[in-house]
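Asker: If you scroll down you'll find the structure; I have some questions about it.
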Amino acid sequence: MQRITSRDNPRLREAARLIASSRDRRKLGRCVLEGEHIVSVYYQRYGAPETLIVAESAVAKPQVRALMDAVPPTRTLIVAEAAWTNLGQLPAAVDALAVVPAPKAEFRQAADFCLLLEDVQDPGNVGSILRSAAAAGVAQVFLSPHCAFAWSPKVLRAAQGAHFHLEIYEDIDVAAWARDYRSGVVAAVPVGGESLFVAKLMQPVAIAIGNEGSGLSAALLEVTTRRVTIPMPGGFESLNAAAAAAIVLFESVRQSAAQSRRPSLQHR
């Protein structure tokens with residue numbers, strides 16, 4: 001493995017450029033994973049990253065050491081403190097990074113539990129939604145072209161490794177996708193829908209979440225099976241897109257679990 005003291009090292013400069021530039025990340029189809037936890041999750045799913053970058057001060061940490069032992073030495077950089085600061089604005093606790101190709105799922109057919117995101121532009125919200133989706137057992141997530149880039153550092157940070165438990169598809173015409181989905185597509189709307197706790201959300205189902213300001217487009221709403229609204233008896237619409245998505249997803253989980261426990265007619 002190579003010890004880096006100069007901020008001009010080509011692989012270090014490449015990582016800094018990917019951290020700083022959304023355009024480069026999208027153009028090159030590559031991203032930077034921040035922190036040994038997310039790098040470890042990636043390694044377990046896909047194997048060694050292209051480049052593992054470790055702060056010299058962190059080489060004695062057990063989880064960082066385990067990563068260094070797993071990744072080929074030729075792919076590992078140990079970076080002196082002066083050069084580490086050249087990587088840009090990183091959270092204080094981050095002392096390990098990995099440069100990886102942004103995984104691209106190969107679509108074959110729609111799953112029984114899907115999530116559609118339309119124009120959700122805040123990276124923190126997208127990451128939190130992906131984290132909830134993975135926890136709820138969602139199989140596939142489809143993002144419209146104006147969503148935040150799923151593999152940006154802020155989205156990855158908020159998702160905490162959820163990306164590697166999901167099939168993620170970007171730049172999708174979600175209205176056209178919903179039109180072709182073989183099962184129900186449920187739109188979450190702030191007002192005017194059926195109460196979430198009355199509407200049927202059993203799987204197979206796809207759930208659509210829209211932009212906090214403008215909501216879902218008319219084109220997508222036109223092809224949804226039903227619209228649901230989360231009751232807010234407090235009289236204050238205070239849920240952001242991430243919180244709303246989590247509530248709707250786990251109501252679907254609850255209903256599907258209850259349905260599976262219900263005895264069939266033939267066994268009555």
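The values are calculated or read from the model by the stated rules, or taken from the named source; none is laboratory data. A quick note: this is a predicted structure, and the numbers were derived from the prediction, not measured. Glycine gets a Cβ as well: all are built from the backbone with ideal geometry, and neighbour counts include every protein chain shown. Accessible surface areas use protein heavy atoms only, side chains included; no ligands, DNA or RNA. Shrake-Rupley method; radii C 1.70, N 1.55, O 1.52, S 1.80 Å.
Asker: Quick check on segment 1-143: what are the equivalent-ellipsoid semi-axes from the Cα gyration tensor, as sqrt(5λ), descending, whole Å?
Answerer: 30, 17, 14
Asker: Also: Between segment 1-74 and segment 113-146, how far is it from one alpha carbon centroid to the other, in angstrom?
Answerer: When both Cα centres are located, 25 Å separates them.
Asker: Only Cα pairs under 8 Å and at least 6 apart count here; give the relative contact order of the chain as a rounded whole percent.
Answerer: Averaging sequence separation for qualifying contacts and normalising by length gives 18 percent for the chain.
Asker: Would you mind counting up the charge near Lys61? Only other residues with Cβ under 14 Å from its Cβ, with Lys and Arg at +1 and Asp and Glu at -1.
Answerer: Computed value for this residue: -3.
Asker: Right, here's the next one. List the extent of the Cα atoms of segment 42-122 along each of their three principal axes, largest first, rounded to whole Å.
Answerer: Here the spans come out as 46, 29, 20 Å, largest first.
Asker: So, for segment 157-268, what is the accessible surface per residue at a probe of 1.4 Å, expressed in square angstrom?
Answerer: 54 Å²
Asker: What whole-number value in cubic angstrom gives the convex hull volume per residue for the C-alpha atoms of segment 95-253?
Answerer: For segment 95-253, the hull spanned by Cα atoms encloses 110 Å³ per residue.
Asker: Something else: Return the sequence-ordered ³J(HN,Hα) values of segment 26-34 in whole Hz as given by the Karplus equation 6.51 cos²θ - 1.76 cosθ + 1.60 applied to θ = phi - 60°, using x for Gly and Pro.
Answerer: 5, 5, 8, x, 9, 8, 10, 8, 10
Asker: Carbon and sulfur together cover what percent of the accessible area of segment 1-130 at a 1.4 Å probe radius?
Answerer: Roughly 48 percent of what the probe reaches on segment 1-130 is carbon or sulfur.
Asker: Once amide H atoms are placed 1.01 Å from N in the peptide plane, what residues at a sequence separation of 5 or more from Thr51, or on another chain, have their amide H within under 5 Å of its amide H?
Answerer: HN-HN under 5 Å from Thr51: Val99.
Asker: Can you tell me the accessible area per residue over segment 1-146, all protein chains present, probe 1.4 angstrom, in square angstrom?
Answerer: 47 Å²
Asker: Looking only at Cα atoms, what is the convex hull volume of the chain per residue, in Å³?
Answerer: Residue-normalised Cα hull volume stands at 162 Å³.
Asker: Please check: in the Gaussian network model of the chain (C-alpha springs, under 10 Å), which one of Arg226, Arg30, Arg108 has the largest mean-square fluctuation.
Answerer: The residue that fluctuates most here is Arg108.
Asker: Taking the mean number of other Cβ atoms within 10 Å as a proxy for protection, how do you rank 243-250, 60-67, 18-25 from highest to lowest?
Answerer: Per-residue Cβ counts within 10 Å, averaged per peptide and sorted highest first, yield 243-250, 18-25, 60-67.
Asker: How big is the shadow of the Cα convex hull of segment 97-142, averaged over all directions, in nm²?
Answerer: Taking the Cα atoms of segment 97-142, their convex hull projects to 4.3 nm² on average.
Asker: While we're looking at this one, here's another question. Please give the peptides 120-127, 134-141 ranked by average Cβ packing (other Cβ atoms within 10 Å per residue), highest first, as a rough proxy for protection.
Answerer: Listed from highest to lowest mean packing, they are 120-127, 134-141.
Asker: I need to check one value: relative contact order of segment 1-82, counting alpha carbon pairs closer than 8 Å and at least 6 residues apart, in percent.
Answerer: Computed value for segment 1-82: 44 percent relative contact order.
Asker: Using just the alpha carbons, could you tell me how many Å³ per residue the convex hull of segment 47-86 encloses?
Answerer: Each residue corresponds to 67 Å³ of Cα convex hull volume.
Asker: Follow-up. Let me see the pair-distance distribution of segment 213-256: every alpha carbon pair, 5 Å bin width, integer percents in order.
Answerer: 5, 16, 23, 28, 21, 8, 0
Asker: Right, next: Using each residue's phi in segment 195-208, evaluate 6.51 cos²θ - 1.76 cosθ + 1.60 at θ = phi - 60° and report the 3J(HN,Hα) Karplus result to the nearest Hz, with x for Gly and Pro.
Answerer: Each residue of segment 195-208 in turn: 4, 3, 8, 10, 5, 8, 10, 4, 6, x, 7, 10, 10, 10 Hz.
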